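Down below is the structure, laid out as structure tokens.
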Amino acid sequence: MQDTGALTLPQRRILVEAADYLSAALCADLTELADGALYASGLAAQDLACLALEGLGLFNPAGRRRTWVVALTGEAARAHLDARLDLTPGQFSEVLQAFVEHAIGHVRSLPDDRTPFTVPPMHARIGAALLAGGYLRRAEGGRVRWTDRIHPYMQEALLWDSEGRCLSAVYAAQEEAEARLFLSRLPDHLRRSLTRTVREEGGMAGLGLLRRHWTGSGWSDLPLVTGQRQAGKDLQLTLYMTVAELILDGRI
């Protein structure tokens, strides 16, 4: 059953600013057809945003699959939403979820982790609204950070886990741990050679070095001739790229 309770003033402000962002983003990104309708290509973040704007009366279905007609945008849309007294918490949640999925999960114009950040100019108005609503809090140096209030929206977008941990940060930590383990298992002379090669010649040169010493089951002290090489089939490229990043960043 739909929640028909009244929105708080901070919620109304967030809804208006999130809808304004989504409308502008979709009008810029969706394909305009010959009849003026907008076509969404099937990206989940775009589909969710279109449905949220339809629920507010800003977008209307154009009669064909994934096609939409803009009913209201810009100041007219803001005035329409400001005048509505029937906006519900359910609509608020739909619009905020669409904003999180699009701005954070899709275009990544806002971060998905809990570290302090500076709100970019394009998000100044909704940043202020999220701060007033308790979804952001002030941090040092004029920056802000996400609060636990944004947790359910981040989790629904598959950006945080059930404990409120940023999944990309969790995966990055796992990748770094695996990369460090990989480095620790290299023969000392090969690890030193790899570090020097990556720093002086770049990541791909380092990958070539490893491939010349990989037998398929272990490391050879001497470079293998072409016919003996395994072409690095057993070396995971994503793992190696993390290794190269650690070397180039000076973290090892």
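The values are calculated or read from the model by the stated rules, or taken from the named source; none is laboratory data. Everything numeric in this text was worked out from a predicted model, so none of it was measured. Methodologically, a virtual Cβ is constructed for each residue, glycine included, from the backbone with ideal geometry; neighbour enumeration extends over all protein chains shown.
General observations
Residues checked against (1) hydrophobic (A, V, I, L, M, F, W, C); (2) outside any helix (DSSP H, G or I):
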residue	(1), (2)
VAL170	yes, no
GLU176	no, no
ALA179	yes, no
ARG192	no, no
THR195	no, no
ARG199	no, no
ARG211	no, no
GLY216	no, yes
LEU222	yes, yes
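- Taken together, the residues in region 169-202 that are under 29 Å from the mean Cα position of the chain (by Cα) and either of a type in the set (Asp, Glu) or within 30 Å of PRO116 (Cα to Cα) (or both) amount to 13.
- Region 73-123: number of residues that are of a type in the set (A, V, I, L, M) and over 15 Å from ALA25 (Cα atoms): 7
- Residue among ALA172, ALA231 that is surrounded by fewer than 15 Cβ atoms within 10 Å (Cβ to Cβ), on the phi > 0 side of the Ramachandran plot and modelled with pLDDT under 95: ALA231
- Residue within region 125-135 that is of a type in the set (Val, Ile, Thr) and not in a loop (DSSP other than H, G, I, E, B) present: yes
- Selection status of ALA62, touching a Ser or Thr at 6+ places or on another chain (Cβ under 9 Å) and either in contact (Cβ under 8 Å) with a residue 24 or more places away in the chain or buried (at least 20 other Cβ atoms within 10 Å of the Cβ) (or both): no
- Residue list for region 6-46, filter: surrounded by 21 or more Cβ atoms within 10 Å (Cβ to Cβ) and charged (D, E, K, R): GLU17
- With respect to the conditions (1) exposed (fewer than 14 other Cβ atoms within 10 Å of the Cβ); (2) in contact with a strand residue (DSSP E or B) (Cβ under 8 Å, 6 or more places away or on another chain), ARG185 lacks only one, and its number is (2).
- Test: residue in region 142-163 that is charged (D, E, K, R) and under 26 Å from TRP219 (Cα atoms): no
- Checking every residue in region 136-144 against the condition of being more than 16 Å from LEU110 (Cβ to Cβ), surrounded by 15 or more Cβ atoms within 10 Å (Cβ to Cβ) and not assigned by TED's automatic domain parsing to the domain that holds VAL243 gives zero matches.
- In region 51-69 there is at least one residue that is in the same structural domain as ILE126 (by TED's automatic domain parsing), within 30 Å of LEU131 (Cβ to Cβ), of a type in the set (A, V, I, L, M, F, W, C) and touching a His at 6+ places or on another chain (Cβ under 9 Å).
- Output for region 18-40, where each listed residue is under 14 Å from HIS102 (Cα atoms) and touching a residue at least 24 places away in the same chain (Cβ under 8 Å): ALA18, ALA19, ASP20, TYR21, LEU22, SER23, ALA24, ALA25, LEU26, CYS27, LEU30, ALA40
- Residue-level check: of (1) under 13 Å from ALA25 (Cβ atoms); (2) surrounded by fewer than 16 Cβ atoms within 10 Å (Cβ to Cβ); (3) aliphatic (A, V, I, L, M), ALA49 misses just (2).
- Among the candidates LEU48, LEU85, residue that is aliphatic (A, V, I, L, M) and part of a loop (DSSP other than H, G, I, E, B): LEU85
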